[in-house]
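See structure below.
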Amino acid sequence: MIGVFDSGHGGLTIFRALTVRFPQHSWMYYGDHANAPYGSRPGGEVVALTQTAVAKLFMAGCKLVILGCNTATAVAGKQLQTAWLPQVNAQRPGHRVLGIIAPTVEAVTQTPWHVKEPVFPQKYNTDTVALFATQVTVNSGVYEAEIAKRCPQVQVLKLACPKLVPLIEAGAPQAELAHAVQEYVQALLATTPKAPEWAILGCTHYPLVAHHFRAALPPSTRLLDQPLAVANALEDYFTRHPEVGGGSHAGLVQYFTSGDTVEVSRVAELFLDTPVRFGRL
Ligand code: DGL
């Protein structure tokens, strides 16, 4: 069983891409809705909440957990992998945690995972990348550091969009979402004389309002598809680690939350356009 975790509904954008692409595995989603949003919390809290959530997914039978959350990946990913996982595996071996920022940066810089040094400092005429994310992800500096490792001449223009996650979690009307997105896009564009070549929606909630970003951004700015980038990277990971996943319940897809199961299911359906039933974990 493979687990996908997010603070709330956002990780469903990643989860949907993975469950469709890899039906041969069994899947479990966990949204920590009771504690969302994570994006404006102190880093230490995000690490503690992420560790608790991943531990729940391990207890529920997941061997691999994907942090379907940029905020959790940015502040907790490395720490969990290097400091906490070895302790978990010392008692019950075989657990893994993967983040979603490296696959996203690999896609936007068109640099495969195994290339860790700049090969082409400037690729495909990309001068400027716009990053929209939570305050915690923006403050972490992880995106620009990872991009600079691969393409040091690319400029990253970043903007925290703190209103978006609470609006999405509340199931706000489309007009209100469109207005909030427009304000953020205009604020970022005001900082640059020319349109960015790429825009990264660096919060997994934002693909739920991708249509509003598309409408507000200049037509020449390409929107990076983070769920697709993560699915592509995972396909490559499965090839390198054939021992991961599988199990006897291929195709099983389950949804869990720490929040109100009825309300969480209602909002999920609004965005995914298909009935989703959450249980308690
Ligand atoms: N969806 C999460 C992300 O990708 C964060 C949302 C939140 O603020 O909790 O960053």
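The values are calculated or read from the model by the stated rules, or taken from the named source; none is laboratory data. Keep in mind the model is a prediction, meaning the values are calculated, not measured. Note that we place each Cβ from the backbone using ideal geometry, even for glycine, and neighbour counts take in every protein chain shown.
Among the residues that make up segment 31-43, is at least one of them surrounded by fewer than 23 Cβ atoms within 10 Å (Cβ to Cβ) and without any contact (Cβ under 8 Å) to a residue 60 or more places away in the chain?
Yes, segment 31-43 has at least one match.
Can you find even one residue in segment 150-169 that is among the charged types (D, E, K, R) and crowded, with 20+ Cβ neighbours inside 10 Å?
Yes: one or more hits.
Just wondering, is there one or more residues in segment 84-95 that are in contact with a Ser or Thr (Cβ under 8 Å, 6 or more places away or on another chain) and at pLDDT 95 or above?
No, segment 84-95 has no match at all.
Identify, from the list 243, 183, the residue that is at pLDDT 95 or above, more than 16 Å from the ligand (Cβ to nearest atom) and surrounded by fewer than 19 Cβ atoms within 10 Å (Cβ to Cβ).
183
Of the conditions (1) among the β-branched types (Val, Ile, Thr); (2) closer than 19 Å to residue 101 by Cα; (3) out of contact with any Gly (no Cβ under 8 Å at 6 or more places or on another chain), residue 75 fails just one. Which one is it?
Among (1) among the β-branched types (Val, Ile, Thr); (2) closer than 19 Å to residue 101 by Cα; (3) out of contact with any Gly (no Cβ under 8 Å at 6 or more places or on another chain), the lone unmet condition for residue 75 is (3).
Of the residues that make up segment 80-103, is at least one of a type in the set (S, T, N, Q) and within 16 Å of the ligand (Cβ to nearest atom)?
Within segment 80-103, not a single residue is of a type in the set (S, T, N, Q) and within 16 Å of the ligand (Cβ to nearest atom).
Among residues belonging to segment 5-30 that are of a type in the set (Val, Ile, Thr) and under 10 Å from the mean Cα position of the chain (by Cα), point out the one that is surrounded by the most Cβ atoms within 10 Å (Cβ to Cβ).
14
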